[in-house]
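The values are calculated or read from the model by the stated rules, or taken from the named source; none is laboratory data. A quick note: this is a predicted structure, and the numbers were derived from the prediction, not measured. Methodologically, a virtual Cβ is constructed for each residue, glycine included, from the backbone with ideal geometry; neighbour enumeration extends over all protein chains shown.
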Amino acid sequence: MNFTIKMPGLEDVWITKVEEMEGGIALHVEMPVKVHKCPSCGKRTKKVHDYRIQKIKHLKWFERLTYLFYKKRRYACSCCGKRFAEENPFVHRYQRLSMEWNRAVSVRIVQAKTFKETAKQFGVSVSTVMRRFDRLAVKEMSEVQELPKVIAIDEYKGDTKAGKYQLIIADGETKEPIDILPNRKKKTLKDYLQKHGTNVDVVIMDMSPSFKAAAQKALGKPVIVADRFHFCRYIYWALDGVRRRIQSEWNDYDRKKCKRMRYVFYKDSAKLTEKERWYLDRYLGMDEELRRAYELKESYCFWFKQAKENGQVKIKETKQGLLNFYRKVEQEGLPEFEKAIRTFKNWQTEVLNSFLFDYSNGFLEGINNLTKVMKRNAFGFRNFLRARARILLLHKYKKMGSHVG
């Protein structure tokens, strides 16, 4: 049976028969007879010694598992008597999976949700897919030599054998992940930055004292930028603390209703609906201390908007506005807000740097969110190196299609 169609991966192969078999499709293939070079003495020969049938798993046809029954020819050297198998373009020596199959798995496994899903799709065991992924990771993953000038660092809960929390490092300008450290310990980060952080000038982070100390010890005096979300939430936590303290003394109806409607305290006042404003005015009218706390939050929001508009040009005005906010908090005497501004004072330089350099860790939070989704789909990763490779390769090839060709 002669086929004129050219199949990917089988262009130079003779397909002698196609038949249905239990569980899939069988393609009977063989290579044309041609002169081969003896691997032992180097002489050329065309003498056929014998044939052997080799079963090889190939890519699916029409969602059916496909197997190649390869009539493998062995040649005999007429000079030295060496027997050797012929060369072929579709399967490596001692393998039962075709080259096209391996290429497809390598592409698919990077973007698939789980190893189990890929194994089911390609009709093999999970351990086979995991071995292919580990082999791909060794080939594609390279050790970081030098970190860029601007880096962003953040932790996420990985729950691997290396530790409960892992630390991810990303490029602050290209917003691509660079590396993942096995834990979030101060010494681990410090040693890594000392080894690879010669060129680092700016570090973007949340308000973690251990991260700050590690960066300063390893890099000398880098510019540390505090992420805006992380310092803004201290003000909202302070307002929430006042609300909970005050409403605990109210009757059951108002306490429960205020808890359900608490979002009106945090929402931008200019975006409140008529109903939401009614609830806000009602609860602020029930307690003067809660009203003062809300006014402090509004003062902070006004300063924050002005600071973004000021940018680098009017950074002194931004600093003065922050100092004025400190004084307002001290005058009101609310313990929750006084605690919040103590944190602001400890991180004041880093807070102002966020408006001076306009860097953010928001993109890294997005990467961490995708990582957590990946972890949930896989029901967790115990092997840290495999989890690290899974995350980094996914982002490295995120624009690549999920199919060969």
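Worth a mention:
- Subset of the range 239-285 (residues that are in a helix (DSSP H, G or I) and hydroxyl-bearing (Ser, Thr, Tyr)): Tyr253, Tyr263, Tyr266, Ser269, Tyr279, Tyr283
- Inter-residue pairs, beta-carbon under 6 Å, first acidic (Asp, Glu) and in the range 328-340, second assigned to a helix (DSSP H, G or I), 6+ apart: Glu332/Arg292; Glu336/Ala238; Glu336/Gly241; Glu336/Val242
- Of the helices (runs of 4 or more DSSP H) lying entirely inside the range 92-140, the ones with 3 or more residues being over 18 Å from Ala387 (Cβ atoms) are found at 99-111, 115-122.
Here is a yes/no grid of residues against (1) surrounded by 14 or more Cβ atoms within 10 Å (Cβ to Cβ); (2) over 22 Å from Glu350 (Cα atoms); (3) within 36 Å of the chain's Cα centre (by Cα):
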{"site": "Arg255", "(1), (2), (3)": "yes, yes, no"}
{"site": "Met261", "(1), (2), (3)": "yes, yes, yes"}
{"site": "Gly285", "(1), (2), (3)": "no, yes, no"}
{"site": "Leu290", "(1), (2), (3)": "yes, yes, no"}
{"site": "Gln320", "(1), (2), (3)": "no, no, no"}
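- Some residue of the range 283-302 being touching a residue at least 12 places away in the same chain (Cβ under 8 Å) and of a type in the set (S, T, N, Q): yes
- Of the criteria (1) part of a helix (DSSP H, G or I); (2) surrounded by fewer than 22 Cβ atoms within 10 Å (Cβ to Cβ), which one Glu173 fails: (1)
- Selection of the range 338-362 for residues being more than 18 Å from Tyr300 (Cβ to Cβ) and loosely packed, with under 15 Cβ neighbours inside 10 Å yields Thr349, Asp358, Gly362.
- Selection status of Asn88, assigned to a loop (DSSP other than H, G, I, E, B), surrounded by 13 or more Cβ atoms within 10 Å (Cβ to Cβ) and either on the phi < 0 side of the Ramachandran plot or not assigned by TED's automatic domain parsing to the domain that holds Ile180 (or both): yes
- Test: residue in the range 200-209 that is closer than 22 Å to Leu181 by Cβ and among the charged types (D, E, K, R): yes
- In the range 93-111, of all residues being surrounded by fewer than 20 Cβ atoms within 10 Å (Cβ to Cβ) and among the aliphatic types (A, V, I, L, M), the one that is nearest to the chain's Cα centre (by Cα) corresponds to Val107.
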